[in-house]
Structure formats: C-alpha cells, structure tokens
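Asker: Before we start, here is the structure in question, set down as structure tokens.
The values are calculated or read from the model by the stated rules, or taken from the named source; none is laboratory data. Because the structure is predicted, anything quoted here is derived from the model rather than measured. Counting neighbours? That spans all protein chains shown, and the Cβs are built from the backbone with ideal geometry, glycine included. Keep in mind that these areas ignore ligands, DNA and RNA; they rest on the heavy atoms of the full protein, side chains included. Shrake-Rupley method; radii C 1.70, N 1.55, O 1.52, S 1.80 Å.
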Number of protein chains: 2
Amino acid sequence: MREFIPPATCFADLPAGFPMKRGGALYGARIAYETFGRLNAARDNAVLLLTGLSPDAHAASHPDDPAPGWWEPMLGPGKPIDTDRWHVICVNSLGSCKGSTGPASPDPDTGQPYRLDFPELSIEDIADAAARTVRALGVERLASVIGASMGGMSALALLARHPGLARSHINISGAANSLPFSIAIRSLQREAVRSDPNWNQGRYDEERYPERGMLTARKLGMTTYRSAQEWEHRFGRARLDPGRPGAAEPFGPEFAVEGYLEFHAQRFVRRFDPNSYLYLSRSMDRFDLGESCGSTAGEALSRLRLEKALVIGVRSDILFPLHQQREIAEGLSASGADVQFLALESQEGHDAFLVDTGRFGPPVAKFLSVGW
Amino acid sequence: MREFIPPATCFADLPAGFPMKRGGALYGARIAYETFGRLNAARDNAVLLLTGLSPDAHAASHPDDPAPGWWEPMLGPGKPIDTDRWHVICVNSLGSCKGSTGPASPDPDTGQPYRLDFPELSIEDIADAAARTVRALGVERLASVIGASMGGMSALALLARHPGLARSHINISGAANSLPFSIAIRSLQREAVRSDPNWNQGRYDEERYPERGMLTARKLGMTTYRSAQEWEHRFGRARLDPGRPGAAEPFGPEFAVEGYLEFHAQRFVRRFDPNSYLYLSRSMDRFDLGESCGSTAGEALSRLRLEKALVIGVRSDILFPLHQQREIAEGLSASGADVQFLALESQEGHDAFLVDTGRFGPPVAKFLSVGW
C-alpha cells in the first residue's frame with residue numbers, strides 16, 4: 001500500500017490508546033502536518049487549517065517545499081492568511097493517506113496495512129487528532145481555526161469538543177451535518193469503489209487496484225464540486241476530437257465535459273488510497289454536530305465560545321448548500337460571537353474556495369487583520 | 001434477452017429500410033403503442049404522447065389493461081388529458097425495450113438480439129418513428145403533441161422534422177438540447193453499466209447480467225430526478241434499521257436515503273434492458289435541435305409552425321433546468337405561436353410531472369379545453 005506524503009511533511013505522534021468515537025483505539029498513530037510562518041513568543045498567533053476530504057497538509061509553498069500547495073493563493077507572506085503575522089498549522093486528517101495514520105498505514109498488531117481493520121472513523125476523531133497535534137506543538141490557544149468543506153465540519157467538531165482552544169473561526173462551504181443529497185452522492189461514490197471487483201473487500205494492491213471504481217467515484221464527485229452553470233459556460237456542447245485514441249469504444253467519451261472528467265479523475269485515482277476514501281467519505285455522512293452534542297445543530301452551535309467568526313458560502317454549491325452555512329452563522333450568532341456571513345455569487349460551486357480565491361481572499365484577509 | 005411489454009400493447013410496423021439519422025436502416029422494425037379514447041370521424045382529436053427514457057406505452061389504465069399507467073392521474077375520462085374528448089396515442093420510443101424495436105430485439109439478419117449491432121440511435125429517429133406510427137393510425141394532423149423529459153426532446157424533433165403534423169404542443173420539463181451537467185450524469189450512468197464485467201460489451205444474459213452497474217446507474221439517475229430539498233424534508237438524517245439483513249456489509253447502506261435508492265433501483269434493473277438504456281441515454285446527450293436544423297436552438301424553435309403551446313418547467317429541476325424550458329417558450333413565442341410558460345414551484349425536481357400532478361393537471365386541462 002502506498003502512502004502519498006509531501007516531502008516536507010512533519011509528524012506528531014498521537015498518544016497510545018487514542019480513543020475513537022465509534023469504538024476502538026489507535027496505537028502508534030501519527031498526524032502529518034506542515035507549518036507556515038513562525039510561532040511568536042507569546043504563542044498567540046497560531047491558526048489551524050483543516051482540509052477537505054482529499055488534500056494533504058501542503059497547503060502552500062514554503063522554504064522546505066517550494067511546490068505550490070492546494071491553497072497557494074490564500075496562504076503565505078502578504079497573502080490573505082498572512083504568514084508574516086500568523087503561524088499556520090495545516091494538518092492532514094486522521095484516516096487520510098497523506099501521512100496521517102489511516103487504513104493504508106501499518107497496523108502495529110500485524111505490521112500489515114490496516115485496510116478494513118482500521119476502526120470506524122468519525123469527524124470527531126479527525127477533530128480530536130488535530131487538537132492533540134496543536135497542543136503537541138505547544139499551542140494552548142489558537143487565534144483561529146479555519147476549515148473548508150469537510151474541514152468546516154472538523155472545525156465545528158473541534159470547537160464543540162475542545163472549548164477554549166480557539167478564539168475565532170472561519171468556516172468556508174462547511175456544514176453542521178450531512179443532508180441526504182450529499183449522503184446519496186457519497187453513497188454512490190462508495191458503491192462505485194465497492195463494486196469494482198479489484199476492491200476485493202479492501203484487499204487490493206498496485207496490480208489489482210480498483211481503478212475503474214475510483215475513476216467513477218471521483219468523476220461523480222466532480223459533478224457536485226462545480227456548478228452546471230460553470231460547465232455550461234466552459235464546455236457547452238463542445239466535442240472531443242473524433243480521431244482521438246479510444247474514440248471507437250462503445251459509449252465512450254464524446255463530449256468535452258466527459259474528457260475533462262476523465263482527465264482529472266485519472267490524476268486522482270492512483271494518488272488516493274481507496275480504503276481511505278471510503279472511511280473519510282462515510283465519516284462525513286455520519287457527522288451531525290447536534291447529534292454529537294445531544295441537541296439540535298443550532299443549540300450546539302449556540303453553545304460554542306468564540307469571540308468572532310466568518311462564515312462563507314456559495315450560492316451555486318449543491319453539495320454543501322448555502323442554507324447550511326446560514327445555519328452555522330445563525331447558530332454562532334446566537335452564541336454571542338461577532339459573526340459575519342457572506343453568500344458569494346461565484347459560479348464555481350463547492351470548489352469555489354479553491355479556484356475563485358479572488359472572492360474569498362479579501363474577507364478572509366480582513367477578518368484576520370482587524371479586531372485582535 | 002427479455003422484452004418488457006405491457007399486455008395491451010399494440011404494434012405498428014415501420015417501413016422496411018427505415019433510415020436512421022446517424023447511418024444504417026432498420027428492417028422489420030415496429031413501434032409499440034397504446035391508445036386511449038376514440039378517434040372521431042373527422043380524425044382531428046388525436047393527441048400524441050411521447051415519453052421519458054424509461055416508461056412504456058401504458059400511460060394509463062384502460063379497458064384492455066386496467067393496471068395503472070405511469071401517468072394515471074393525468075390521462076383518462078374526465079382527467080386533465082380527457083379521453084372523453086381526445087384520442088391519445090402513447091408510443092414507446094424506438095430503441096426502448098418495452099415493445100418497440102431496440103437493441104434487445106432480434107436482428108432479422110441473424111435472428112439473434114441486435115445488442116451493440118443496433119444502429120446508433122438519435123432523438124430524431126424516435127421522433128420519425130413516432131410520426132410514422134401516427135400516420136399509420138390514419139392521423140394526418142394531431143391536435144397536440146405532448147412530451148415530457150426526453151419526450152419533450154422527441155416532440156421538438158418531431159415538430160421540426162414533420163411540419164404541419166401537429167397544431168399545438170405541450171412541453172413539460174423538456175429541453176432543446178443537452179447541457180454538460182446532464183451529459184456528465186448520463187456519461188457516469190453509462191460508465192457504471194459499461195464497467196460492470198457482466199455487461200461484457202453488451203453480451204450479457206439473464207444469468208450474467210450487469211445488475212450492479214444498472215443499480216448504480218439508476219440510483220445516480222434518481223439523485224437528479226428529485227431535489228435535495230425534497231429529500232431533506234422526506235428523509236432528513238433518518239437511519240435504516242441497524243438490525244436489517246446485510247447491515248454489517250462494509251460501507252453498506254446506513255441512512256434512509258440509501259435504502260430508498262436501493263429499493264427503487266432494485267425494482268428497475270431487471271425491467272429495463274441495459275443496452276437499450278445505453279442507446280437511449282446517448283441519444284439524449286447528442287440531441288441539439290439547433291444543430292439538427294443547422295441553426296441555433298432559438299432559430300429552430302422560431303421556425304416551428306404551431307398555433308399554440310404550453311411550456312412547463314420546475315424551478316427545482318437540476319437535470320433539465322428551468323432556463324431550458326424558458327428557451328423553448330421564448331423560441332416558440334418568436335414563431336408567432338400563442339405560448340404560455342409556467343415555472344412551477346414544485347419541490348419534486350425533474351420528476352415533478354410524475355408525482356406532483358396536482359400542479360400540472362389544471363394548466364394542461366385548461367390548455368386542452370379552450371381555444372380549439
């Protein structure tokens with residue numbers, strides 16, 4: 001089993017017997033992270049960045065790894081998350097395959113990859129592991145926790161389970177729980193992987209690898225990450241070159257949008273562990289901040305103790321629809337925090353925070369620059 | 001190969017050498033249809049009903065087949081499409097597996113099912129075959145052609161290719177072409193079928209049948225037939241019974257919405273021929289009324305000769321979004337027809353015309369009752 005670890009990744013050990021919410025515990029587990037900017041003497045300028053399902057901890061370039069990161073326009077010296085001022089810690093989620101312990105990691109009991117023997121994963125476990133990592137780095141109080149997409153869920157779980165750990169919060173295209181449309185999409189993504197004979201109940205290898213299932217799963221994800229309007233403007237009804245290789249394949253790709261899905265999915269499928277994908281995907285379905293706190297989501301949000309928060313959503317997002325960010329903003333407002341809610345008009349749907357950074361940068365920069 | 005033919009289905013033969021738009025011709029082909037109500041002596045009360053991808057010709061119960069049809073609340077004596085007044089002809093699309101000739105039908109050259117030797121299918125072929133059927137039944141001029149979903153595409157193709165055949169048109173949740181989001185969804189549905197090893201390049205049988213692929217394809221369709229809002233109200237985060245059979249299957253269904261998808265998809269997969277599904281699906285991607293007419297869609301619509309039209313769309317439809325129905329209404333208005341455009345608030349998305357018939361009935365009834 002391959003892991004996919006950026007070259008400058010650092011690691012923090014989780015304590016032996018790290019408890020998992022749905023049962024079981026991890027031994028010898030670690031969390032991968034990268035840091036950007038310097039922690040000041042007062043240790044009060046740390047910002048935690050929690051990611052979506054697929055990114056690693058390499059959010060941006062830095063001296064030890066000059067390769068562009070997944071949020072390059074947003075993070076760095078003089079950028080909206082200004083590393084001249086802030087010490088940013090980006091962690092790779094527990095259960096992922098980008099350096100943190102997950103189903104592709106060796107099970108210390110056997111020395112073999114966990115595969116489906118990895119314990120059931122919850123967003124709350126991801127949050128707890130991130131909180132442990134922050135404290136292991138000598139930070140007792142974060143200036144802010146920033147989370148986008150699944151990271152927005154992990155951030156809310158962290159705030160609920162670790163009161164006082166963060167002074168403020170930026171939630172981008174996040175949600176306090178998963179709704180049935182997104183559960184259905186993820187269920188179908190998992191079904192595509194599970195029904196690939198090469199998945200083999202998680203016992204694949206590089207030769208017999210569930211590539212077809214992962215391709216379909218990633219493509220289906222992509223249909224929900226952008227918006228129909230964006231694709232209409234971008235692809236319209238443009239065709240692929242009819243003379244391209246494989247064009248005679250029955251019912252094979254014919255339209256530009258099909259070629260786009262194939263190209264981007266091909267770049268993904270061998271770089272993300274399929275079992276890890278299944279675990280993280282299911283953890284999102286199960287996330288419900290209210291249920292986790294024995295209340296409604298609104299009540300759970302109103303009990304969080306934050307000085308201020310910025311909540312951003314995108315009108316064209318079909319996966320984490322805008323009313324879910326509005327719910328977060330309203331819940332946090334009821335907590336007494338100073339909350340700003342922005343509904344952006346971007347056409348890029350759920351992925352807007354990754355590609356339409358021109359709209360996200362200014363409010364994030366402003367939030368982080370004033371009122372401290 | 002099984003066909004799935006309702007008991008009271010009638011058949012009309014297509015002429016030998018029936019030409020297909022993308023090449024090839026059919027010999028010994030037939031179109032399945034049912035009729036409702038009586039053709040009057042003047043032969044001027046005939047209404048053609050064209051269906052979506054999956055329905056058969058049994059749109060409603062009638063004396064020869066009292067089983068409820070797929071549009072039972074809309075069609076019958078005293079109903080919105082009132083068969084006391086109208087003689088309704090519902091045809092099963094060419095290429096389908098519900099009685100009309102398609103990939104599951106015997107190829108007269110071999111006596112074996114066509115499978116992938118069936119010629120490439122276009123919406124225009126479906127329209128031409130329907131027009132032939134109408135004329136074979138002694139109708140030279142239809143009072144109206146009604147089409148919903150794919151049937152809305154077929155109806156527009158029929159109007160463009162058979163000028164004068166219909167006096168009026170009702171287009172419900174239809175489109176003048178396919179946009180990239182719907183192409184992407186259908187491409188993934190086809191990919192699910194094609195990557196099932198049992199599909200076997202179309203050479204499956206009842207024992208080795210691409211059931212997994214068809215299940216995933218149908219479920220994916222269902223995520224686009226309704227709306228996220230409807231599912232939110234209907235399922236929320238309700239769970240399936242944890243004690244149900246199969247509950248221990250890794251990453252198997254856990255939420256009510258997953259059980260709903262599984263239940264309904266199971267009812268479909270053995271009742272629709274997988275090759276037929278692929279052919280019809282691809283024909284929808286390729287449909288572009290403008291391209292078919294050597295113009296833009298708007299110009300093609302403005303050249304249609306209709307006395308009047310009713311165009312209905314649903315705001316929550318993500319598969320055939322409302323702006324596509326608006327385009328049809330505007331194009332038909334430019335033709336000089338008397339056009340009424342309705343944007344319904346139904347939560348049921350693309351499927352609203354099948355389930356939220358209370359909203360569709362009154363405008364359809366009114367359109368058909370006055371101004372003739």
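Asker: Among the listed residues B:A329, B:A334, B:A309, identify the single one that is among the aliphatic types (A, V, I, L, M), farther than 28 Å from B:G361 by Cβ and modelled with pLDDT of 95 or more.
Answerer: The conditions single out B:A334.
Asker: With B:A16, B:A60, B:A42 as the choices, which residue is among the small types (G, A, S) and closer than 21 Å to B:K98 by Cβ?
Answerer: On the way: B:A16 fails: closer than 21 Å to B:K98 by Cβ; B:A42 fails: closer than 21 Å to B:K98 by Cβ.
So the residue among B:A16, B:A60, B:A42 that is among the small types (G, A, S) and closer than 21 Å to B:K98 by Cβ is B:A60.
Asker: Here are some residues: B:A248, B:A217, B:A309. Which one is without any contact (Cβ under 8 Å) to a residue 24 or more places away in the chain and hydrophobic (A, V, I, L, M, F, W, C)?
Answerer: Step by step, each of B:A248, B:A217, B:A309 is checked, and only B:A248 is without any contact (Cβ under 8 Å) to a residue 24 or more places away in the chain and hydrophobic (A, V, I, L, M, F, W, C).
Asker: Filter the stretch A:325-344 down to the residues that are in contact (Cβ under 8 Å) with a residue 60 or more places away in the chain and open to solvent by 40 Å² or more (accessible area, probe 1.4 Å) and list them by number.
Answerer: A:E327
Asker: Any chance you could count how many residues in the stretch A:150-198 are touching a residue at least 24 places away in the same chain (Cβ under 8 Å) and under 22 Å from B:L261 (Cα atoms)?
Answerer: 15
Asker: I'm checking my understanding of the structure. Among residues of the stretch A:33-92 that are assigned to a loop (DSSP other than H, G, I, E, B) and touching a Leu at 6+ places or on another chain (Cβ under 6 Å), which one is most open to solvent (accessible area, probe 1.4 Å)?
Answerer: It comes out as A:L53.
Asker: Please go through the stretch A:296-314 and give me each residue that is surrounded by fewer than 20 Cβ atoms within 10 Å (Cβ to Cβ) and away from every other protein chain (no Cβ under 14 Å), ordered by number.
Answerer: Within the stretch A:296-314, A:G298, A:E299, A:S302, A:R303, A:R305, A:E307, A:K308 meet the criteria.
Asker: With the condition kept exactly as written, say whether any residue in the stretch A:228-235 is without any contact (Cβ under 8 Å) to a residue 12 or more places away in the chain and within 30 Å of B:G236 (Cβ to Cβ).
Answerer: Yes.
Asker: Identify all residues within the stretch B:206-245 that are open to solvent by 40 Å² or more (accessible area, probe 1.4 Å) and aromatic (F, W, Y); write none if there are none.
Answerer: Residue satisfying the conditions is B:Y225 alone.
Asker: Conditions first: (1) away from chain B (no Cβ under 14 Å); (2) open to solvent by less than 10 Å² (accessible area, probe 1.4 Å); (3) out of contact with any Ser or Thr (no Cβ under 7 Å at 6 or more places or on another chain). A:G164 passes all but one, so which condition is the exception?
Answerer: Answer for A:G164: the failing condition is (2).
Asker: Looking at the stretch A:93-122 only, could you name the residues that are more than 22 Å from A:A155 (Cα to Cα), open to solvent by less than 50 Å² (accessible area, probe 1.4 Å), touching a residue at least 24 places away in the same chain (Cβ under 8 Å) and away from chain B (no Cβ under 14 Å)?
Answerer: Across the stretch A:93-122, the qualifying residues are A:A104, A:S105, A:P113.
Asker: Taking the residues in the stretch B:246-266 that are at pLDDT 95 or above and open to solvent by 50 Å² or more (accessible area, probe 1.4 Å) as candidates, determine which candidate is farthest from B:C97 (Cα to Cα).
Answerer: B:F263
Asker: Taking B:Q201 and the conditions (1) surrounded by 13 or more Cβ atoms within 10 Å (Cβ to Cβ); (2) within 10 Å of chain A (Cβ to nearest Cβ), which numbered condition does it fall short on, given that it satisfies the others?
Answerer: (1)
Asker: What do you reckon, is A:G236 under 30 Å from A:T101 (Cα atoms), of a type outside the set (K, R), out of contact with any Cys (no Cβ under 7 Å at 6 or more places or on another chain) and outside any helix (DSSP H, G or I)? Break it down stepwise before answering.
Answerer: Numbers: under 30 Å from A:T101 (Cα atoms): no; of a type outside the set (K, R): yes; out of contact with any Cys (no Cβ under 7 Å at 6 or more places or on another chain): yes; outside any helix (DSSP H, G or I): yes.
Criteria not met by A:G236.
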